[in-house]
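Down below is the structure, laid out as structure tokens.
The values are calculated or read from the model by the stated rules, or taken from the named source; none is laboratory data. Every value quoted in this text rests on a predicted model; they were computed, and no experiment measured them. Don't worry about glycine lacking a Cβ; one is built from the backbone with ideal geometry, like all the others, and counts go over all protein chains shown.
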Amino acid sequence: MTAPSRRHLLAAACMLPGLGRAQDLAATDLSIVLAGESPRLGASVMDDLFHNNNLALPVGTLRQEVTPWIAGDLHEEVEAGLPGMDAVLTNAAGFALGAARDLWHALPARLLDANTPHLSPAGQLVQARLGEAGLVVGTIPGGPVLVHRRSVLPVAPRNAAALLDYARENPRRFQYTRPGQSRFGQAFITSMPYLLKDPNPLDPENGWTGSWPYLLELGRAARFYPSSGRAAAEEFIEGSVELMPALLGSYLLGMATGLLPTDTMCTPFDDVPLVPHSLILVVPRGVPEQRLALLDPLIAFMREPGPQRLIFGRGLIPGNPARDGASLDLSANDRLWTAAMTPELAASLTGRPTAPPLDPAAEAAMLRLWDDRIGSRYGETL
């Protein structure tokens, strides 16, 4: 006899007394999943937000998953009609994975209408791509930037040709993270068509005529493709690599917390727009309509300056944005961020535009094409 699949077990659970979704309709607490690259770090931020502030918020349970969980277990739960949570907080890649599989419930117009006016210009760009299926909680124009050590590599490449020359001349001393699993890789990959002047940076399938051949060539000299920013940082800290793409906020957070060596620098590419990085709230398809009303106080709370500062400043979305003109006391991390943001670095970023994000279908296509054309060919030589 063939063992029952997870989907069959979930479907059977829906038919058992007491295990259906209906029993939860009267519950006043939300169940939330944080699906991202750094679940532990994100969990500490969420715990501080929801559990350590003695605030009357409707958050009962919070669990953490990595982004690929959306395309795996969550997909099975939704198809079986038994999503095990009320809402998911994720990034653009997680949103795209779910959108490509039709996993997200349309959000109430009241939530979108109340939230959109509070978004930054970068947040407005992202929200416009999500339609009714996702809600931007926070956004920063994050990068990419190239991280390197002054004592090892005093001057980093600032354009695509110089980066490829460096990688060829220094095999296995450069790496970037897998874009389907890390926001570092996502930002790096989506900046490439701007670096290479491709005809349509928003169309990975037809408009990246220079980017895919370039990335294949670059991959021949790369060390490997780590599965997370943390794993990439460990390689960098240990000295296994000299150069890697990251996000500005992650660099600042790494310097502020002492994770990165003190002589670490970051260098942006020349004349390339910054790629936005967002925290996005979605509701799985199958969550009862009655549960959606519980989202209103949650979103109102997460829009406030204090929660925004914690979400960004602790690293869920690293950075230090000003929200609604709020003035909050500087923490030790803020002062260290200020020290890491040198005048030269600030000047190189001032006035730089933000690139519009890929829409969900294009994001999903980019991740699939990278896996097929680049990731699957790791280890190839000339």
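Within the stretch 215-233, which residues are hydroxyl-bearing (Ser, Thr, Tyr) and without any contact (Cβ under 8 Å) to a residue 60 or more places away in the chain?
Of everything in the stretch 215-233, just one residue is hydroxyl-bearing (Ser, Thr, Tyr) and without any contact (Cβ under 8 Å) to a residue 60 or more places away in the chain, namely SER227.
If you go through the stretch 269-276 one residue at a time, do you hit one that is touching a strand residue (DSSP E or B) at 6+ places or on another chain (Cβ under 7 Å), surrounded by fewer than 23 Cβ atoms within 10 Å (Cβ to Cβ), in contact (Cβ under 8 Å) with a residue 40 or more places away in the chain and in a helix (DSSP H, G or I)?
No: the stretch 269-276 contains no residue that is touching a strand residue (DSSP E or B) at 6+ places or on another chain (Cβ under 7 Å), surrounded by fewer than 23 Cβ atoms within 10 Å (Cβ to Cβ), in contact (Cβ under 8 Å) with a residue 40 or more places away in the chain and in a helix (DSSP H, G or I).
Any idea which of (1) under 20 Å from the mean Cα position of the chain (by Cα); (2) farther than 24 Å from ASP359 by Cβ; (3) buried (at least 20 other Cβ atoms within 10 Å of the Cβ); (4) not acidic (Asp, Glu) is the one PRO284 doesn't satisfy?
PRO284 satisfies every listed condition except (2).
Kindly indicate whether GLU205 is more than 27 Å from VAL126 (Cα to Cα) and acidic (Asp, Glu).
For GLU205, the condition - more than 27 Å from VAL126 (Cα to Cα) and acidic (Asp, Glu) - is not met.
Exactly one condition in (1) under 30 Å from LEU345 (Cα atoms); (2) assigned to a strand (DSSP E or B) is not met by LEU281; state its number.
Evaluating LEU281 over (1) under 30 Å from LEU345 (Cα atoms); (2) assigned to a strand (DSSP E or B) leaves (1) as the failure.
Does the stretch 217-252 hold any residues that are out of contact with any helix residue (DSSP H, G or I) (no Cβ under 8 Å at 6 or more places or on another chain) and either more than 27 Å from GLU169 (Cβ to Cβ) or among the aromatic types (Phe, Trp, Tyr) (or both), and which are they?
The answer is PHE224, SER228, ARG230, PHE236.
Among the residues in the stretch 133-140, are any loosely packed, with under 14 Cβ neighbours inside 10 Å, more than 29 Å from LEU243 (Cβ to Cβ), more than 15 Å from the chain's Cα centre (by Cα) and not assigned by TED's automatic domain parsing to the domain that holds PRO193?
For the stretch 133-140, residues loosely packed, with under 14 Cβ neighbours inside 10 Å, more than 29 Å from LEU243 (Cβ to Cβ), more than 15 Å from the chain's Cα centre (by Cα) and not assigned by TED's automatic domain parsing to the domain that holds PRO193: absent.
Working only within the stretch 270-287, note down all residues that are at positive phi and outside the structural domain of ILE299 (by TED's automatic domain parsing).
Correct list: ASP271 only.
Residue check: is THR342 hydroxyl-bearing (Ser, Thr, Tyr), modelled with pLDDT under 80, surrounded by fewer than 19 Cβ atoms within 10 Å (Cβ to Cβ) and over 22 Å from TYR194 (Cβ atoms)?
no
Determine which single condition LEU294 fails, assuming it passes every other condition in (1) within 29 Å of ARG178 (Cα to Cα); (2) at pLDDT 85 or above.
Every condition holds for LEU294 apart from (1).
Run down ARG183, ARG172, ARG223 and say which single residue is at pLDDT below 95, on the phi > 0 side of the Ramachandran plot and either buried (at least 21 other Cβ atoms within 10 Å of the Cβ) or over 18 Å from the mean Cα position of the chain (by Cα) (or both).
Just a single option satisfies the conditions, and that option is ARG172.
Could you pull out the residue among LEU103, LEU111, LEU107, LEU89 that is buried (at least 19 other Cβ atoms within 10 Å of the Cβ) and either over 16 Å from ALA300 (Cα atoms) or outside the structural domain of LEU135 (by TED's automatic domain parsing) (or both)?
The unique qualifying residue is LEU103.
Given SER278, SER228, SER250, which one is over 17 Å from ILE140 (Cα atoms) and of a type in the set (S, T, N, Q)?
Only one candidate passes the filter, namely SER228.
Of all the helices (runs of 4 or more DSSP H) wholly in the stretch 1-120, which have at least 2 residues that are farther than 30 Å from ALA232 by Cβ, hydrophobic (A, V, I, L, M, F, W, C) and modelled with pLDDT of 85 or more?
109-115
May I ask you to say which residue of PHE312, PHE236 is of a type in the set (Phe, Trp, Tyr), touching a residue at least 24 places away in the same chain (Cβ under 8 Å) and within 19 Å of MET341 (Cα to Cα)?
That would be PHE312, the only listed residue that is of a type in the set (Phe, Trp, Tyr), touching a residue at least 24 places away in the same chain (Cβ under 8 Å) and within 19 Å of MET341 (Cα to Cα).
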